[in-house]
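A.B. asks: What follows is a single structure, and I will ask about it in a moment.
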Amino acid sequence: MRIDITLRRPEWPDRDVALVAAEGACFGDIERWLRELSDAAPGTSWWVGSERLDAATPIGSAGLTSGAIVGVGAPGDAGTDAGTVELAVVGGPDAGRVLALSRGIRTVGRAGDCDLVLRDPDASRRHASLTVTSGGIRVHDLGSTNGTTIDGCGVADDGVPLAPGALLRIGDTFLGLGTGPDTAATLRPGPDGTQLVSQPPRWQPTPPDRVVDIPVPAEPRAAQRVQWIAALLPAVAGVVLAIVLHSMQFLVFLLLSPVVITATALGDRLHWRRSRRRDAATFARRAAAARVEVSAALHAETEQRRRAAPDPATLRRVATARGAELWERRRGGADTLLLRLGLADLPSALQARRGAATERAGLLRSVPLCVDLRAGPLGVAAPRAIAPAIGR
């Protein structure tokens with residue numbers, strides 16, 4: 001019988017160990033070998049989670065199974081919550097790393113004395129600082145060569161908070177806040193100390209299948225002109241009649257007609273101005289509603305694409321914490337041989353219609369770039385320091 005476990009000791013790096021023992025062996029049969037591997041003294045306590053192991057614990061049961069984290073001298077999970085927040089490297093040469101950050105100012109860059117040392121050649125030696133408080137992380141650029149951005153927007157001099165779900169870009173490295181624990185996978189004991197995973201229902205992304213109508217401003221209506229000819233004709237007629245008939249009463253037409261025409265013109269002009277303001281307000285309101293709809297749809301599509309192709313840090317967390325997504329892919333699924341290469345800015349599948357023209361609604365920032373290996377093999381060409389990380 002063989003099981004693979006991880007030995008965890010405070011202030012020591014984790015050590016993966018393969019245990020090969022006879023059927024029915026107990027923990028006491030292998031304890032001496034584990035003490036030698038971990039440099040532990042006789043009488044050291046051994047833990048799986050919060051449960052202490054004793055010499056009679058059968059190998060392959062009571063938590064002592066493949067994938068177990070065995071704590072040396074303290075529970076195996078001790079020390080994992082030392083940081084107030086977790087920062088995960090979700091893209092770039094160091095993708096998959098997770099750093100627990102305690103309160104204070106932490107630096108990120110290529111220099112060896114940084115709190116998070118990156119192998120990214122596009123990162124500066126001291127690229128950015130992270131101010132960690134109980135309320136989260138605030139990012140400051142340290143005068144880097146290539147700049148620091150959060151979701152495509154540059155970091156201002158006074159810093160920018162790193163919100164959950166947002167991606168911090170340093171060179172070609174993407175970082176984000178670590179997510180909380182997921183629903184645990186359903187496990188059942190298997191033969192030889194293994195554990196079998198019950199696959200949950202497969203989550204499938206729902207690509208946007210609607211078209212957002214973007215309002216188009218209407219053609220402006222010109223103000224109605226004053227009909228001066230219509231105003232002058234009655235006035236001329238009034239003068240002629242007054243002369244011919246020797247009646248000064250007809251001169252009233254000379255004054256009445258322009259007054260009526262002018263009053264009508266002023267009323268039309270006021271109505272035109274009110275209509276123009278009302279149409280402009282209606283258009284602004286519809287345009288703002290369309291922008292909100294497009295922004296929400298792009299955000300939802302971004303989240304779906306990231307969930308459909310998880311980053312290495314998420315995969316590591318699912319594997320080590322045995323989350324419900326463990327082994328969720330099925331043979332024959334549309335994404336069985338879909339390989340995530342990294343992050344890129346890609347056009348959205350959402351469509352926007354402006355008048356008679358239909359186009360992409362926008363650009364999705366930092367979403368997974370994937371290739372389908374069913375189309376053929378994939379080669380990697382990169383600097384020697386980066387190629388192994390890409391292959392991993």
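A.B. asks: Given H placed on each backbone N at 1.01 Å, which residues far from Gly190 in sequence or on other chains put an amide H within less than 5 Å of it?
C.D. replies: Those qualifying (amide H under 5 Å, at least 5 residues apart or on another chain) are Gln195, Leu196.
A.B. asks: Out of the DSSP beta bridges found with both residues in the range 60-212, what percent are antiparallel (nearest 5)?
C.D. replies: Around 95 percent of the beta bridges assigned by DSSP in the range 60-212 are antiparallel ones.
A.B. asks: Mind giving me the FRET efficiency for Thr44 and Ala100? R0 is 35 Å, r the Cβ-Cβ distance, nearest 0.05 is fine.
C.D. replies: 0.90
A.B. asks: Shifting gears a bit: Expressed as a fraction of 2.2 N^0.38 Å, the rule-of-thumb size for a compact globular protein of N residues, what is the C-alpha radius of gyration of the range 31-139?
C.D. replies: Scaled against compact globular proteins, the figure is 1.44.
A.B. asks: Still on this structure, I have one more. 7 Å from Cα along Cα→Cβ at both Thr6 and Val244: what's the point-to-point distance in nm?
C.D. replies: Label at Thr6, label at Val244, 11.0 nm between them.
A.B. asks: First measure r as the distance between the Cβ atoms of Thr262 and Arg331, then evaluate 1/(1 + (r/R0)^6) with R0 = 51 Å and state the FRET efficiency to the nearest 0.05.
C.D. replies: According to the calculation, E is roughly 0.05.
A.B. asks: Can you tell me the equivalent ellipsoid semi-axes for the range 1-66? Use √(5λ) from the Cα gyration tensor, largest first, whole Å.
C.D. replies: The three semi-axes for the range 1-66 are 18, 13, 12 Å.
A.B. asks: Shifting gears a bit: Under the rule of at least 5 residues apart or a separate chain, name every residue whose amide H is placed under 5 Å from the amide H of Leu326.
C.D. replies: none
A.B. asks: If one puts a single equal scatterer on every Cα of the range 94-225 and applies the Debye formula without solvent, what log₁₀ I(q)/I(0) results at q = 0.11, 0.15 Å⁻¹?
C.D. replies: -0.63, -0.83
A.B. asks: Please give the length that would be gained between Trp272 and Leu142 if that part of the chain were fully extended, namely 0.36 nm times their separation in residues minus their C-alpha to C-alpha distance (nm, one decimal).
C.D. replies: 41.2 nm
A.B. asks: Give a residue-ordered list of calculated ³J(HN,Hα) values for the range 127-142 (Karplus: 6.51 cos²θ - 1.76 cosθ + 1.60, θ = phi - 60°; whole Hz; x for Gly, Pro).
C.D. replies: Ordered by residue, 3J(HN,Hα) equals 8, 8, 10, 10, 8, 9, 10, 5, x, x, 10, 10, 9, 10, 7, 9 Hz.
A.B. asks: Once R0 is set to 30 Å, what does the formula 1/(1 + (r/R0)^6) return for the Cβ-Cβ distance between Ala163 and Val211, expressed as a FRET efficiency to the nearest 0.05?
C.D. replies: Given R0 = 30 Å and the Cβ-Cβ separation, E is 0.50.
A.B. asks: Under 5 Å between amide hydrogens, which residues at least 5 positions from Gly171 or on another chain qualify, with H placed 1.01 Å from N in the peptide plane?
C.D. replies: Those lying under 5 Å, H to H, from Gly171: there are none.
Readers should treat all values here as calculations from the given coordinates under stated rules, not as data from a laboratory. Just so it is clear, the structure is predicted and the values come from calculations on it, not from any experiment. Note that we place each Cβ from the backbone using ideal geometry, even for glycine, and neighbour counts take in every protein chain shown.
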